[in-house]
Amino acid sequence: MTETHVKTSDLRPGIITSEDIFVNTIYPILRKDTELSPEHIKVLNAFSVKRVKVQERLVVKREDVYDDNESPVNPDDVLAKIPMKQADLHTQYSDAVHSYKKEFLGWRAGVRPDIAKVRSIVIPLLDAFIEQKKMLTLLNEFSNIKDYTYHHSIGVGILASAISRQIGFPTGQTLQLGLAGVLADCGMAKIDTAITEKAAFLTKDQFNEVKQHTLHSYQMIQDTSLLRQEMKLAIFQHHERLDGSGYPRGEKANQISVFSQVLAVADVFHAMTSERIHRSKESSFKVIEMIKEEEFGKFDIKVVQALHDLVGNLTIGTKVLLTNGEIGEVIFVHRDAGLRPMVKRSMDGSILDLTRNRHLAIEKVLE
(Lines give C-alpha, C1' and ligand atoms only; values in the text may rest on other atoms or scores of the structure.)
Protein backbone atom coordinates (compact mmCIF):
# COMPACT_ATOMS: atom_id res chain seq x y z
CA MET A 1 0.00 0.00 0.00
CA THR A 2 1.39 3.41 -1.00
CA GLU A 3 0.89 6.35 1.37
CA THR A 4 1.35 10.07 0.97
CA HIS A 5 0.69 13.32 2.85
CA VAL A 6 -1.96 15.56 1.30
CA LYS A 7 -2.95 19.12 2.15
CA THR A 8 -6.39 19.26 3.72
CA SER A 9 -7.44 21.76 1.06
CA ASP A 10 -6.69 19.10 -1.59
CA LEU A 11 -8.68 16.29 0.02
CA ARG A 12 -11.66 14.84 -1.81
CA PRO A 13 -14.47 12.45 -0.75
CA GLY A 14 -13.48 8.80 -1.21
CA ILE A 15 -9.83 9.21 -0.12
CA ILE A 16 -8.77 6.75 2.65
CA THR A 17 -6.84 7.88 5.76
CA SER A 18 -3.79 5.80 6.66
CA GLU A 19 -3.38 6.83 10.33
CA ASP A 20 -5.42 7.96 13.35
CA ILE A 21 -5.68 11.76 13.55
CA PHE A 22 -5.51 13.39 17.01
CA VAL A 23 -5.91 17.11 17.82
CA ASN A 24 -5.50 17.47 21.60
CA THR A 25 -8.39 15.03 22.03
CA ILE A 26 -8.93 11.88 24.08
CA TYR A 27 -10.14 10.01 21.01
CA PRO A 28 -8.92 10.47 17.44
CA ILE A 29 -11.10 12.86 15.47
CA LEU A 30 -10.69 10.46 12.53
CA ARG A 31 -9.50 6.87 12.62
CA LYS A 32 -7.18 5.01 10.27
CA ASP A 33 -8.86 3.55 7.16
CA THR A 34 -11.70 6.10 7.26
CA GLU A 35 -13.18 6.78 3.83
CA LEU A 36 -13.45 10.56 3.77
CA SER A 37 -16.84 12.18 3.26
CA PRO A 38 -17.56 15.91 2.85
CA GLU A 39 -18.43 16.00 6.58
CA HIS A 40 -15.05 14.49 7.54
CA ILE A 41 -13.23 17.11 5.49
CA LYS A 42 -15.31 19.79 7.20
CA VAL A 43 -14.16 18.46 10.61
CA LEU A 44 -10.51 18.53 9.58
CA ASN A 45 -10.86 22.16 8.50
CA ALA A 46 -12.69 23.05 11.74
CA PHE A 47 -9.71 21.71 13.72
CA SER A 48 -7.24 23.51 11.42
CA VAL A 49 -5.55 20.25 10.37
CA LYS A 50 -3.10 21.21 7.59
CA ARG A 51 -2.00 17.83 6.20
CA VAL A 52 -3.33 14.28 6.35
CA LYS A 53 -1.56 10.98 5.66
CA VAL A 54 -3.67 9.03 3.17
CA GLN A 55 -3.61 5.95 0.97
CA GLU A 56 -3.04 6.49 -2.72
CA ARG A 57 -6.32 4.96 -3.78
CA LEU A 58 -9.81 6.35 -4.17
CA VAL A 59 -13.05 4.53 -3.42
CA VAL A 60 -15.53 4.80 -6.28
CA LYS A 61 -19.07 4.01 -5.14
CA ARG A 62 -21.45 2.16 -7.42
CA GLU A 63 -24.15 4.79 -6.95
CA ASP A 64 -21.78 7.47 -8.25
CA VAL A 65 -21.54 5.73 -11.64
CA TYR A 66 -24.27 6.47 -14.16
CA ASP A 67 -25.77 3.44 -15.88
CA ASP A 68 -27.94 3.82 -18.97
CA ASN A 69 -29.46 0.41 -18.26
CA GLU A 70 -30.82 1.28 -14.82
CA SER A 71 -34.47 0.39 -14.34
CA PRO A 72 -36.98 3.28 -14.44
CA VAL A 73 -37.92 5.01 -11.20
CA ASN A 74 -41.24 4.02 -9.67
CA PRO A 75 -43.16 7.21 -8.72
CA ASP A 76 -44.80 5.41 -5.79
CA ASP A 77 -41.38 4.55 -4.36
CA VAL A 78 -40.36 8.19 -4.58
CA LEU A 79 -43.53 9.38 -2.85
CA ALA A 80 -43.06 6.82 -0.07
CA LYS A 81 -39.69 8.39 0.76
CA ILE A 82 -41.02 11.93 1.11
CA PRO A 83 -41.20 12.72 4.86
CA MET A 84 -44.61 13.30 6.37
CA LYS A 85 -45.06 16.86 7.57
CA GLN A 86 -44.64 17.27 11.31
CA ALA A 87 -48.03 18.97 11.58
CA ASP A 88 -49.79 16.07 9.83
CA LEU A 89 -48.16 13.49 12.11
CA HIS A 90 -48.94 15.60 15.17
CA THR A 91 -52.61 15.71 14.15
CA GLN A 92 -52.69 11.94 13.67
CA TYR A 93 -50.96 11.48 17.04
CA SER A 94 -53.35 13.87 18.85
CA ASP A 95 -56.37 12.10 17.38
CA ALA A 96 -55.03 8.76 18.66
CA VAL A 97 -54.43 10.17 22.16
CA HIS A 98 -57.97 11.63 22.23
CA SER A 99 -59.51 8.32 21.12
CA TYR A 100 -57.43 6.33 23.61
CA LYS A 101 -58.49 8.70 26.41
CA LYS A 102 -62.16 7.96 25.68
CA GLU A 103 -61.44 4.23 25.91
CA PHE A 104 -59.47 4.64 29.15
CA LEU A 105 -62.22 6.65 30.83
CA GLY A 106 -64.61 3.86 29.90
CA TRP A 107 -62.34 1.31 31.61
CA ARG A 108 -62.25 3.53 34.67
CA ALA A 109 -66.07 3.39 34.71
CA GLY A 110 -65.99 -0.41 34.49
CA VAL A 111 -66.33 -0.99 30.74
CA ARG A 112 -64.55 -4.09 29.44
CA PRO A 113 -61.58 -3.18 27.15
CA ASP A 114 -62.29 -3.41 23.44
CA ILE A 115 -58.83 -4.46 22.22
CA ALA A 116 -59.95 -4.44 18.59
CA LYS A 117 -60.94 -0.79 18.98
CA VAL A 118 -57.60 0.12 20.55
CA ARG A 119 -55.80 -1.74 17.79
CA SER A 120 -57.66 0.23 15.10
CA ILE A 121 -56.71 3.48 16.87
CA VAL A 122 -52.98 2.85 17.14
CA ILE A 123 -51.81 0.62 14.26
CA PRO A 124 -51.89 3.39 11.60
CA LEU A 125 -49.96 5.64 13.98
CA LEU A 126 -47.34 2.97 14.69
CA ASP A 127 -46.79 2.53 10.96
CA ALA A 128 -46.41 6.29 10.47
CA PHE A 129 -43.78 6.68 13.19
CA ILE A 130 -41.86 3.61 12.06
CA GLU A 131 -41.57 5.17 8.60
CA GLN A 132 -40.66 8.60 9.99
CA LYS A 133 -38.12 7.64 12.69
CA LYS A 134 -36.79 11.18 13.09
CA MET A 135 -40.18 12.19 14.48
CA LEU A 136 -39.62 9.99 17.55
CA THR A 137 -37.67 12.82 19.18
CA LEU A 138 -40.83 14.95 19.11
CA LEU A 139 -42.86 12.69 21.39
CA ASN A 140 -41.88 14.59 24.54
CA GLU A 141 -42.94 17.85 22.87
CA PHE A 142 -46.32 16.40 21.86
CA SER A 143 -47.09 15.35 25.45
CA ASN A 144 -48.56 17.54 28.21
CA ILE A 145 -48.96 17.26 31.97
CA LYS A 146 -52.76 17.32 32.03
CA ASP A 147 -53.20 14.27 29.81
CA TYR A 148 -49.86 12.62 30.55
CA THR A 149 -51.44 9.20 31.27
CA TYR A 150 -52.85 8.94 27.74
CA HIS A 151 -49.82 10.46 26.02
CA HIS A 152 -47.61 8.02 27.89
CA SER A 153 -49.53 4.96 26.73
CA ILE A 154 -49.50 6.06 23.08
CA GLY A 155 -45.84 7.12 23.35
CA VAL A 156 -44.74 3.80 24.84
CA GLY A 157 -46.54 1.94 22.04
CA ILE A 158 -44.83 4.04 19.38
CA LEU A 159 -41.39 3.63 20.95
CA ALA A 160 -41.85 -0.11 21.53
CA SER A 161 -42.73 -0.72 17.89
CA ALA A 162 -39.85 1.47 16.66
CA ILE A 163 -37.32 -0.25 18.95
CA SER A 164 -38.60 -3.64 17.79
CA ARG A 165 -38.14 -2.68 14.14
CA GLN A 166 -34.64 -1.36 14.89
CA ILE A 167 -33.67 -4.65 16.55
CA GLY A 168 -34.93 -6.50 13.48
CA PHE A 169 -38.07 -8.18 14.76
CA PRO A 170 -40.59 -9.28 12.09
CA THR A 171 -43.42 -6.87 11.26
CA GLY A 172 -45.97 -8.97 13.14
CA GLN A 173 -43.98 -8.81 16.39
CA THR A 174 -43.27 -5.13 15.87
CA LEU A 175 -46.97 -4.25 15.68
CA GLN A 176 -47.86 -6.65 18.50
CA LEU A 177 -45.28 -4.97 20.76
CA GLY A 178 -46.62 -1.57 19.80
CA LEU A 179 -50.13 -2.62 20.80
CA ALA A 180 -48.79 -4.19 24.01
CA GLY A 181 -46.98 -0.93 24.79
CA VAL A 182 -50.20 1.06 24.45
CA LEU A 183 -52.03 -1.40 26.74
CA ALA A 184 -49.23 -1.89 29.30
CA ASP A 185 -50.69 0.76 31.63
CA CYS A 186 -54.38 0.11 30.99
CA GLY A 187 -54.52 -1.21 34.57
CA MET A 188 -53.90 2.33 35.83
CA ALA A 189 -57.63 2.81 35.19
CA LYS A 190 -58.20 0.63 38.28
CA ILE A 191 -56.00 2.81 40.52
CA ASP A 192 -57.64 5.56 42.61
CA THR A 193 -57.38 8.92 40.77
CA ALA A 194 -56.47 10.55 44.08
CA ILE A 195 -53.20 8.64 43.72
CA THR A 196 -52.61 8.82 39.97
CA GLU A 197 -53.28 12.58 39.88
CA LYS A 198 -51.47 13.44 43.10
CA ALA A 199 -49.00 16.30 42.63
CA ALA A 200 -46.83 15.41 45.64
CA PHE A 201 -44.65 12.30 45.86
CA LEU A 202 -46.50 9.11 46.79
CA THR A 203 -46.36 7.45 50.19
CA LYS A 204 -45.05 3.90 50.40
CA ASP A 205 -48.58 2.49 50.61
CA GLN A 206 -49.73 4.57 47.64
CA PHE A 207 -46.77 3.47 45.56
CA ASN A 208 -47.49 -0.17 46.46
CA GLU A 209 -51.02 0.35 45.13
CA VAL A 210 -49.65 1.81 41.90
CA LYS A 211 -47.47 -1.27 41.51
CA GLN A 212 -50.64 -3.33 41.24
CA HIS A 213 -51.36 -1.78 37.83
CA THR A 214 -49.28 -4.45 36.04
CA LEU A 215 -51.54 -7.15 37.47
CA HIS A 216 -54.65 -5.15 36.62
CA SER A 217 -53.38 -4.61 33.06
CA TYR A 218 -52.76 -8.34 32.62
CA GLN A 219 -56.19 -9.24 33.95
CA MET A 220 -57.85 -6.74 31.61
CA ILE A 221 -56.25 -8.17 28.46
CA GLN A 222 -55.71 -11.84 29.35
CA ASP A 223 -58.75 -13.13 27.44
CA THR A 224 -58.19 -11.32 24.15
CA SER A 225 -57.09 -13.28 21.10
CA LEU A 226 -55.62 -10.15 19.49
CA LEU A 227 -52.50 -10.29 21.66
CA ARG A 228 -50.11 -13.21 21.67
CA GLN A 229 -49.37 -14.85 25.00
CA GLU A 230 -45.78 -13.58 25.06
CA MET A 231 -47.08 -10.03 24.67
CA LYS A 232 -49.46 -10.49 27.59
CA LEU A 233 -46.48 -11.65 29.66
CA ALA A 234 -44.52 -8.59 28.50
CA ILE A 235 -47.32 -6.34 29.78
CA PHE A 236 -47.22 -8.11 33.15
CA GLN A 237 -43.40 -7.86 33.33
CA HIS A 238 -42.75 -4.38 31.95
CA HIS A 239 -41.60 -3.09 35.34
CA GLU A 240 -39.29 -6.02 36.04
CA ARG A 241 -35.52 -5.38 35.87
CA LEU A 242 -32.71 -7.77 34.98
CA ASP A 243 -31.00 -7.25 38.37
CA GLY A 244 -34.17 -8.23 40.28
CA SER A 245 -34.96 -4.68 41.48
CA GLY A 246 -38.29 -4.42 39.62
CA TYR A 247 -41.86 -5.49 40.32
CA PRO A 248 -44.32 -7.23 40.71
CA ARG A 249 -42.23 -10.39 41.33
CA GLY A 250 -38.65 -9.14 41.39
CA GLU A 251 -37.73 -11.56 38.62
CA LYS A 252 -34.20 -11.61 37.19
CA ALA A 253 -32.27 -12.05 33.95
CA ASN A 254 -33.53 -14.98 31.87
CA GLN A 255 -36.85 -14.98 33.75
CA ILE A 256 -37.66 -11.76 31.89
CA SER A 257 -38.43 -11.91 28.18
CA VAL A 258 -36.83 -9.60 25.61
CA PHE A 259 -40.34 -8.37 24.75
CA SER A 260 -40.77 -7.29 28.39
CA GLN A 261 -37.46 -5.44 28.13
CA VAL A 262 -38.57 -3.60 25.00
CA LEU A 263 -41.65 -2.34 26.86
CA ALA A 264 -39.54 -1.52 29.93
CA VAL A 265 -37.04 0.61 28.00
CA ALA A 266 -39.79 2.37 26.04
CA ASP A 267 -41.71 3.03 29.28
CA VAL A 268 -38.74 4.48 31.18
CA PHE A 269 -37.50 6.58 28.27
CA HIS A 270 -40.89 8.16 27.55
CA ALA A 271 -41.57 8.83 31.24
CA MET A 272 -38.21 10.51 31.85
CA THR A 273 -38.37 12.64 28.70
CA SER A 274 -41.92 13.89 29.39
CA GLU A 275 -43.19 16.61 31.71
CA ARG A 276 -45.07 15.05 34.63
CA ILE A 277 -46.96 16.39 37.65
CA HIS A 278 -44.10 15.81 40.06
CA ARG A 279 -41.05 15.75 37.80
CA SER A 280 -39.57 17.87 34.99
CA LYS A 281 -38.56 16.24 31.73
CA GLU A 282 -34.97 15.42 30.84
CA SER A 283 -33.36 15.58 27.41
CA SER A 284 -33.48 12.42 25.27
CA PHE A 285 -29.68 12.28 25.13
CA LYS A 286 -29.29 12.62 28.89
CA VAL A 287 -31.90 9.92 29.53
CA ILE A 288 -30.21 7.42 27.21
CA GLU A 289 -26.93 8.14 28.98
CA MET A 290 -28.57 7.60 32.38
CA ILE A 291 -30.12 4.31 31.24
CA LYS A 292 -26.74 3.15 29.94
CA GLU A 293 -24.69 4.26 32.93
CA GLU A 294 -26.72 4.86 36.11
CA GLU A 295 -29.21 2.09 35.36
CA PHE A 296 -26.61 -0.31 33.96
CA GLY A 297 -27.52 -3.94 34.62
CA LYS A 298 -31.26 -3.33 34.71
CA PHE A 299 -31.97 -3.35 30.99
CA ASP A 300 -31.01 -5.50 28.01
CA ILE A 301 -28.10 -3.64 26.36
CA LYS A 302 -29.30 -4.72 22.90
CA VAL A 303 -32.63 -3.01 23.50
CA VAL A 304 -30.99 0.12 24.92
CA GLN A 305 -28.62 0.31 21.96
CA ALA A 306 -31.56 0.08 19.56
CA LEU A 307 -33.15 3.06 21.31
CA HIS A 308 -29.82 4.91 21.13
CA ASP A 309 -29.57 4.27 17.40
CA LEU A 310 -33.12 5.58 16.91
CA VAL A 311 -33.09 8.83 18.89
CA GLY A 312 -29.49 9.44 19.95
CA ASN A 313 -27.62 9.01 16.69
CA LEU A 314 -25.84 12.25 15.78
CA THR A 315 -24.16 13.17 12.53
CA ILE A 316 -21.64 15.85 11.70
CA GLY A 317 -23.36 19.12 10.82
CA THR A 318 -26.39 18.53 13.09
CA LYS A 319 -27.61 21.71 14.79
CA VAL A 320 -28.20 21.16 18.52
CA LEU A 321 -29.46 22.98 21.59
CA LEU A 322 -27.41 22.34 24.73
CA THR A 323 -28.79 22.08 28.26
CA ASN A 324 -27.30 25.50 29.10
CA GLY A 325 -29.32 27.14 26.31
CA GLU A 326 -26.46 27.50 23.84
CA ILE A 327 -26.84 26.53 20.19
CA GLY A 328 -24.10 24.78 18.26
CA GLU A 329 -23.20 22.41 15.47
CA VAL A 330 -21.86 18.88 15.85
CA ILE A 331 -18.41 18.77 14.24
CA PHE A 332 -17.18 15.42 15.55
CA VAL A 333 -18.82 12.31 17.06
CA HIS A 334 -16.67 10.11 19.33
CA ARG A 335 -16.91 6.44 18.41
CA ASP A 336 -17.01 5.40 22.09
CA ALA A 337 -19.07 8.33 23.39
CA GLY A 338 -21.64 9.04 20.70
CA LEU A 339 -23.95 11.01 22.99
CA ARG A 340 -21.17 13.48 23.82
CA PRO A 341 -19.83 14.91 20.58
CA MET A 342 -17.69 17.95 19.94
CA VAL A 343 -19.87 20.97 19.31
CA LYS A 344 -18.93 24.24 17.64
CA ARG A 345 -20.66 27.08 19.51
CA SER A 346 -22.69 29.39 17.30
CA MET A 347 -22.02 32.45 19.44
CA ASP A 348 -18.22 32.51 19.10
CA GLY A 349 -17.13 29.50 17.01
CA SER A 350 -15.27 27.90 19.92
CA ILE A 351 -15.27 24.10 20.20
CA LEU A 352 -16.85 22.37 23.17
CA ASP A 353 -16.02 18.71 23.85
CA LEU A 354 -18.93 17.24 25.83
CA THR A 355 -16.77 14.31 26.99
CA ARG A 356 -14.78 16.87 28.98
CA ASN A 357 -17.81 18.93 30.07
CA ARG A 358 -19.99 16.36 31.79
CA HIS A 359 -22.23 19.02 33.36
CA LEU A 360 -23.60 19.75 29.89
CA ALA A 361 -25.57 17.58 27.48
CA ILE A 362 -27.54 17.95 24.28
CA GLU A 363 -31.06 19.16 25.02
CA LYS A 364 -32.45 18.48 21.56
CA VAL A 365 -31.69 18.43 17.86
CA LEU A 366 -32.76 21.53 15.96
CA GLU A 367 -34.21 21.45 12.46
- What number comes out for the charge environment of E293, summing +1 per Lys or Arg and -1 per Asp or Glu over other residues with Cβ under 12 Å away? +2
- Query: Put a dot 7 Å past each Cα toward the Cβ at N144 and L105; how far apart are the dots in nm?
  - Reply: 1.4
- Task: Whenever you get a sec, compute what percent of the accessible area on region 179-266 sits on carbon and sulfur atoms (1.4 Å probe).
- Result: 50
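Given a Förster distance of 45 angstrom, what is the FRET efficiency for I277 paired with V6, based on the Cβ-Cβ distance and rounded to 0.05?
Values: r = 59 Å, r/R0 = 1.30.
In this case the efficiency is close to 0.15.
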- Compute the distribution of all C-alpha to C-alpha distances in region 271-354, in bins of 5 Å from 0, and list the percent of pairs in each, rounded to whole numbers. 3, 14, 21, 23, 18, 13, 7, 2, 0
- Item | Charge dipole (debye, nearest 20) of region 242-322; +1 at Cβ of Lys and Arg, -1 at Cβ of Asp and Glu | 140
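Residue separation times 0.36 nm, minus the C-alpha to C-alpha distance between D127 and T355: what's the value?
78.5 nm
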- Query: Can you give me the Cα centroid spacing of region 246-272 and region 302-360 in angstrom?
  - Reply: 28
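Need the full-extension length gain, K117 to E367, defined as separation in residues times 0.36 nm minus the C-alpha distance. One decimal, nm. Provide the component values of the computation, followed by the final result.
Working: separation 250, 0.36 × 250 = 90.00 nm, distance 3.54 nm.
Here the segment from K117 to E367 would lengthen by 86.5 nm.
At 1.4 Å probe radius, can you tell me the per residue accessible area of the chain in Å²? Don't skip to the end; give the middle numbers.
Numbers: 18780 Å² over 367 residues.
So the chain comes to 51 Å² accessible per residue, rounded to a whole number.
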- Item | Debye, to nearest 20: dipole size of region 116-164, +1 on Lys, Arg Cβ, -1 on Asp, Glu Cβ | 80
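Which entries of K281/K344; K42/K292; K302/K344; K133/K190; K134/K302; K211/K298 have Cα-Cα distances beyond 23 Å here? Could the numbers behind the result be given before it?
Values: K281/K344 25 Å; K42/K292 30 Å; K302/K344 31 Å; K133/K190 33 Å; K134/K302 20 Å; K211/K298 18 Å.
Long pairs (Cα-Cα over 23 Å): K281/K344; K42/K292; K302/K344; K133/K190.
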- Step through the residues of region 117-122 one at a time and calculate ³J(HN,Hα) from phi using the Karplus curve (6.51 cos²θ - 1.76 cosθ + 1.60, θ = phi - 60°), rounding each to whole Hz and writing x for Gly and Pro. 5, 4, 4, 5, 6, 9
- Item | Selection from P13, Q176, S153 lying farthest towards where the dipole of the chain points positive, charges on Cβ | S153
- Keeping all protein chains in position, work out how much accessible area K102 exposes to a 1.4 Å probe, and write it in Å² to the nearest 10. 130
- Net charge of Cβ neighbours under 13 Å - reference L125; Lys, Arg +1; Asp, Glu -1: -3
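Explain nothing, just the number: relative contact order of the chain, from Cα pairs under 8 Å at least 6 residues apart, as a whole percent.
Numbers: 581 pairs, mean separation 45.1, N = 367.
With pairs under 8 Å counted, the relative contact order is 12 percent.
The values are calculated or read from the model by the stated rules, or taken from the named source; none is laboratory data. None of these values were measured; they are calculated from a predicted model. All Cβ positions, glycine included, derive from the backbone under ideal geometry; neighbour counts span all protein chains shown. Just so you know, the surface numbers come from the protein's heavy atoms only, side chains and all, with ligands and any DNA or RNA stripped out. Shrake-Rupley method; radii C 1.70, N 1.55, O 1.52, S 1.80 Å.
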